[in-house]
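Read through the structure below, which is laid out as structure tokens, and then see the notes.
The values are calculated or read from the model by the stated rules, or taken from the named source; none is laboratory data. The model shown is predicted, which means the values in this text are computed figures rather than measured ones. Neighbour counts are summed over all protein chains in view; Cβ atoms, including those assigned to glycine, are modelled from backbone coordinates with ideal geometry. The accessibility values were calculated without ligands, DNA or RNA, using every heavy atom of the protein model including side chains. Shrake-Rupley method; radii C 1.70, N 1.55, O 1.52, S 1.80 Å.
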Amino acid sequence: MMGNLQDRMFRQVNSAFADRLQRRNRRRPIVVATLLSAVLIGLALNAGGDRIVFVALASLPYWLCMHLLNLSLRGIFELSDERLDEHQVAVRNNAYKTAYGFALVFMVVLVTVASVLDLDRPGTFAVAAFAFLTCALAPRMIAAWSLEDNHDVD
Amino acid sequence: MTSTKEVEFYNRLKLLRTERSVSRKELAEAVGVHPQTIGYIERRQYNLSLSLAFRLASYFGLSLDAVFSQRPFEPLSNETLRAGASQKQADPVEL
């Protein structure tokens, strides 16, 4: 079951469509869109009325962005080590290392801002959701933002 | 003590591939990596492991130091000229 899923994912991340997302100038807009989609979910959580519907709708761009990030990075965060080569594993490990530091700073800043603003309960929940969603994809975003281009073809 | 960050490796992979008409994909398949990884190694954007370095050198049937070096490689024409000159010294032409 897991093997089939990995096989399918391996084919997807090595497809012609994934090839088109490999350039840094295509990866970076996806990173920005991912951050915006996390903000959107935060705003939806803070909305009054039918909050669940808003959150469900706002989650779609987030999941789409996550999928595009995975494709643009050839699934290095999804595939098992056996399906990756040493460079891909190194990129993944470096991204995790950087993301850990980023997440710590990001959380401190957000907690400080939230305490200064003295937010109400839904507001605090929205900020916490934004922080969680950003940190969850931080390694992917960092790798997609920083990985160098591979222009040469033969 | 030299830190690993300061160590930079030079290689002749692109030259060898061109000379032997091997595509990046063919080489990558032979040594078990993604074709993009070969590109990163060729452009010195990634310091490969010793194991992969041996696999690459052995694919071309060369020793490790013929493919990788810590100093920039001299142009092959210079090396050929020098090798030719030392050959002449070793085997002087009989008159």
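Residue-by-condition table, conditions (1) on the phi < 0 side of the Ramachandran plot; (2) basic (K, R); (3) within 13 Å of chain A (Cβ to nearest Cβ):
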residue: B:E8; (1), (2), (3): yes, no, no
residue: B:R12; (1), (2), (3): yes, yes, no
residue: B:T18; (1), (2), (3): yes, no, yes
residue: B:V22; (1), (2), (3): yes, no, yes
residue: B:E26; (1), (2), (3): yes, no, yes
residue: B:E29; (1), (2), (3): yes, no, yes
residue: B:V33; (1), (2), (3): yes, no, yes
residue: B:Y46; (1), (2), (3): yes, no, yes
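Please state which one of A:L119, A:L68, A:L79 is under 30 Å from B:L48 (Cβ atoms) and either within 14 Å of chain B (Cβ to nearest Cβ) or not in a helix (DSSP H, G or I) (or both). Don't jump to the end; show me each part of the working.
Numbers: A:L119 fails: under 30 Å from B:L48 (Cβ atoms); A:L68 fails: either within 14 Å of chain B (Cβ to nearest Cβ) or not in a helix (DSSP H, G or I) (or both).
After applying the criteria, what remains is A:L79.
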Can you find, within the stretch B:21-45, the residue that is surrounded by the fewest Cβ atoms within 10 Å (Cβ to Cβ) among those that are within 13 Å of the chain's Cα centre (by Cα) and not in a helix (DSSP H, G or I)?
B:R44
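For A:P61, indicate whether it is closer than 29 Å to A:D19 by Cβ, more than 14 Å from chain B (Cβ to nearest Cβ) and in contact with a helix residue (DSSP H, G or I) (Cβ under 6 Å, 6 or more places away or on another chain).
yes
If we keep just the residues of the stretch A:31-50 that are open to solvent by 20 Å² or more (accessible area, probe 1.4 Å) and in contact (Cβ under 8 Å) with a residue 40 or more places away in the chain, which is farthest from A:T124 (Cα to Cα)? Even if it seems obvious, please write down each step before you answer.
We begin by selecting, within the stretch A:31-50, every residue open to solvent by 20 Å² or more (accessible area, probe 1.4 Å); these are A:32-33, A:35-36, A:39-40, A:43, A:45-50.
If we keep only those that are in contact (Cβ under 8 Å) with a residue 40 or more places away in the chain too, we end up with A:35, A:39, A:43, A:45-46.
Details: A:L35: 18, A:V39: 13, A:L43: 11, A:L45: 10, A:N46: 9 Å.
Across the stretch A:31-50, the extreme among qualifying residues is A:L35.
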Residue pairs, Cβ under 7 Å, 6 or more apart or interchain, first in the stretch B:66-88 and closer than 23 Å to B:F54 by Cβ, second modelled with pLDDT under 75. List them.
B:Q70/B:V7
If the requirement is being within 21 Å of A:I76 (Cβ to Cβ) and buried (at least 18 other Cβ atoms within 10 Å of the Cβ), which of these qualifies: B:L48, B:L13, B:L56?
B:L48
